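Here is the structure we will look at.
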């Protein structure tokens, strides 16, 4: 499976359920970013949820950016949280955390990257595909900011 | 001692939300057991009024694990509404997609959900009895599991554009032909995936001896088995006839897959949203049957790929008739992984693998269509009726987990009687009650066609209905 063996300067993982209103903010941010950035050293993934198989691409990156929605916080804001690897204690596989994936990347593949989580607080998590206007603005602002940051900031692949 | 009831809620490491209740008699022996599926969605109802050609994409949303299975059964039902014979090239590509889906789903079931029990032990600490615990205990095996699932998902993405909820399978065929680049990428990955599948099979066969008690008590009883077989009786996941086999290994009947209404019936139980199917000629409960990997390897006369055939011959030596213990679902799943990889390789080496003719076009020519295929967990049936404008007026979905419902309930009772004694519960006892459910790899979101919450509960109740103990994980 040689396709997955390239190394990455940055891996972006936006995740959430696009059928649950603002929960899809991270997923949609990744989709928007992918439309704008076309560099072989940057991979952008939009996911419904975090799963163990993400450990492998995470281990190939120099840094990873997670983007997720949050039920707490003021809608329309974006919070930037540095992450550190932390072992998981979940009994099921459907609730992997970014910290657990970082720890898994280290223990299975011998490398874990610098990692940041961008959290976009939402207001409406009911069934529906529309983002709340303030959340939509926050997504657009984050995508603009990440596009600029990724354009000027080159990190050597591991 | 009064009669009592134990509740396990939620059942963990399964796809969906459920609970188990165990009823104890006055001596503290398990008298009855129920597997309750507590989620409800009702896809059959809310698709009414939608154009039939939306159905594959709409039905794929039933599940995030096996959307491809719903896509395929749904598209086949729509092919029947169009009354078209789809191009051979489209059939081959649908087969590859279905096998890739089976590959990634089986890898998830075995490595992520069941290896924690098999590697770390049924009585090990539940806090680490998960895929992350496997990573600590046996990193190479964890990497194998991740790699195999990743490969299956990657094939789905290369063929269909995305891993979850792709819309590439359409009424009349598929949306686009296979490119040479993607064919070569898939073929390049097969040798490594075959090596992983072989390692997992060898490991499982060596470990089986440690699970004698579980083999003896995990839904190990006579039932019928059902699944698709090819015209020559070989293993089949896309189309063929539906075969029923009895516990002695004798063929009961081969039927046209689209005539399911003649030989299958469903009943509802008050304790579950999951309906129970049974074989009509024998009635309920004599007509209880099982589907999925164990059933498929029991009903066939041969496999059709070299390495999987060798493994199948060894597997069939486990019993004189059909292999009855549901513990062997794990074994059958691994053989099917091997088969899927070999078969994908065969299909992609076909001289017309890159054929550009992959879709037939027509308008509504029938007002009814039935699509049947084998999903990872067993036989999947989609049945639609439309009006002259092609709008859905009625839909019925019979899902693998529904076919297995009666056997899962009996299996829970058998395991509970074997391992649960008195009103003092141990975690290892309850884990075995859950683990028998995991052997079937049920998908409860599919089977109730639910509002997204996950997991299972075990209740202990007295004969007066008093709740004595509850275990659950959120």
For a test of the definition: using alpha carbon positions, the gyration tensor, and the 1.5 limit on a/c, classify segment B:278-397 as rounded, prolate or oblate. oblate
Helix A:133-152: angle to the longest alpha-carbon principal axis of chain A, degrees 0 to 90, nearest 10? 30
Based on the Cβ-Cβ distance of residue A:151 and residue B:212, what FRET efficiency does E = 1/(1 + (r/R0)^6) give at R0 = 56 Å, to the nearest 0.05? 0.35
Normalised by the number of residues in segment A:7-152, what is the relative contact order in percent for Cα pairs under 8 Å and 6+ residues apart? 32
Which residue, A:15, A:109, A:118, has the most motion in a Gaussian network model of chain A that connects Cα atoms within less than 10 Å? A:109
Provide a whole-number value for the mean count of partner chain Cβ atoms within 10 Å of the Cβ atoms in peptide B:129-139. 5
Let's test the formula: R0 of 22 Å, r as the Cβ-Cβ distance of residue B:365 and residue B:43. What FRET efficiency results, to the nearest 0.05? 0.30
Label model pair residue B:85, residue B:25: point-to-point distance (7 angstrom along the Cα→beta-carbon line) in nm is 6.0
Within a 10 angstrom radius of the beta carbon, how do B:128, A:112 rank from fewest other beta carbons to most? B:128, A:112
Apply the a/c threshold of 1.5 to the C-alpha gyration tensor of the protein assembly as shown and tell me whether it is rounded, prolate or oblate. rounded
So for R0 = 51 Å, FRET eff. of residue B:466-residue B:232 from the Cβ-Cβ r, to 0.05, ends up at 0.35
Modelling each spin label as a point 7 Å along the Cα-to-Cβ direction, I'd like the residue B:61/residue A:114 distance in nm, to one decimal. 4.1
Pull up the DSSP beta bridges for chain B and report the antiparallel fraction as a percent, rounded to 5. 85
Rank the residues B:141, B:208 as a footprinting-exposure proxy: fewest other Cβ atoms within 10 Å of their Cβ go first. B:208, B:141
In terms of the Cα gyration tensor, with a ≥ b ≥ c the square roots of its eigenvalues, is segment B:194-281 rounded because a/c is under 1.5, prolate because a/b exceeds b/c, or oblate? oblate
D (Stokes-Einstein, µm²/s), Kirkwood Cα radius, segment B:81-216, 0.890 mPa s at 25 °C: 146
How big is D, in µm² s⁻¹, for chain B by Stokes-Einstein at 37 °C and 0.692 mPa s if Rh is the Kirkwood radius over C-alpha pairs? 146
Quick check on the protein assembly as shown: of the DSSP beta bridges with both residues there, what percent are antiparallel, nearest 5%? 65
Order by neighbour count: B:279, B:339, B:255, fewest other Cβ atoms within 10 Å first, most last. B:255, B:279, B:339
Out of A:105, A:138, A:96, any idea which swings most in a Gaussian network model of chain A, alpha carbons joined below 10 Å? A:96
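Values quoted throughout were computed directly from the atomic coordinates according to the rules given, and no laboratory measurement underlies them. Please read all numbers here as calculations on a predicted model, not as lab measurements. Cβ coordinates were reconstructed from backbone atoms using ideal geometry, including for glycine residues, and neighbour counts include every protein chain displayed.
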